[in-house]
Amino acid sequence: MSTTAATEPVSRRSRPAKPPLSRRAIVDAAVTLLRTEGLERLTLRRLAAALDTGAGSLYVYFRNVEHLYAALLDELLGDVDLSPGTGDVQWRERLAVVLGSYTAVLFDNPSIARMSIFTRPSGPNGLRLVETLLALLDEGGVAPGAAAWGTDLLLQYATAIAAEHGTRDQQLDTAGADS
C-alpha cells in the first residue's frame, strides 16, 4: 500500500477551473452572442450564462446593459477603415470612405445600428473614429467648432441611414391600428 496516494489532496471539482472573467472576455462573448442570436437576446443574464457565471459578476465590469452596449459598439467600430489613403486622394473623398466604412459596419449589424442612435461609444475605437473625422475636416479647412458639429452630424446621418436600412425587412405591426 502506498502512503503517497492516501495523503495527496484530491480536488472536489468535477470540472476544470473556469477562465477568469475580464472586460475583454465579456465583450468577446457579447460579440459572439450578437452575431449568433442578435442584440434582442443579448441580456446580462444571457451573457452571464454564456460565460458560466452569475449576472451580478458582470456589474463589476459594466454598470448596466447600456454600458455593455457602448463597449460592444466600440468593439465593432474597430472594423471601420480609418486609413482610406493619402497622396492624391482629396480629404473629402477620404472622409466619404471613412463614413462609408462606418455605415458598412452598421449595415452588417442592423440591431447595433438602431441601438447606436442612443448609445455613444467612448472607447478607443470610437475615439479614433471621431479623431479621424476631425482631422479630415481640419485638413479641409473647416473651423474647429464647425468640425465638431459636423462630425456629430455626419455620424448621426450615417447611423440613421444604417438604422433605417436595418429595419427595411421588418413587418410593420399594424394590429390594433385604426383603418
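The values are calculated or read from the model by the stated rules, or taken from the named source; none is laboratory data. None of these values were measured; they are calculated from a predicted model. Note that we place each Cβ from the backbone using ideal geometry, even for glycine, and neighbour counts take in every protein chain shown. The area values use the complete protein model at the heavy-atom level, side chains included, leaving out ligands, DNA and RNA. Shrake-Rupley method; radii C 1.70, N 1.55, O 1.52, S 1.80 Å.
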Using every Cα-Cα pair within region 1-144, state what percent have a distance larger than 23 Å.
50 percent
Once you keep just the Cα pairs under 8 angstrom separated by 6 or more residues, what percentage relative contact order results for region 20-86?
30 percent
Label points 7 Å out from Cα along the Cβ direction at residue 128 and residue 41: separation in nm?
3.0 nm
Any chymotrypsin sites (Phe, Trp or Tyr not before Pro) in region 17-110 that lie in a DSSP loop and have at most 16 other Cβ atoms within 10 Å would be 59, 61
Any chance you could run the full-extension gain for residue 61 through residue 146? It's 0.36 nm times the residue separation minus the Cα-Cα distance, nm to one decimal.
27.0 nm
Could you tell me the accessible area of residue 36 in Å² (1.4 Å probe, neighbours in place), rounded to the nearest ten?
100 Å²
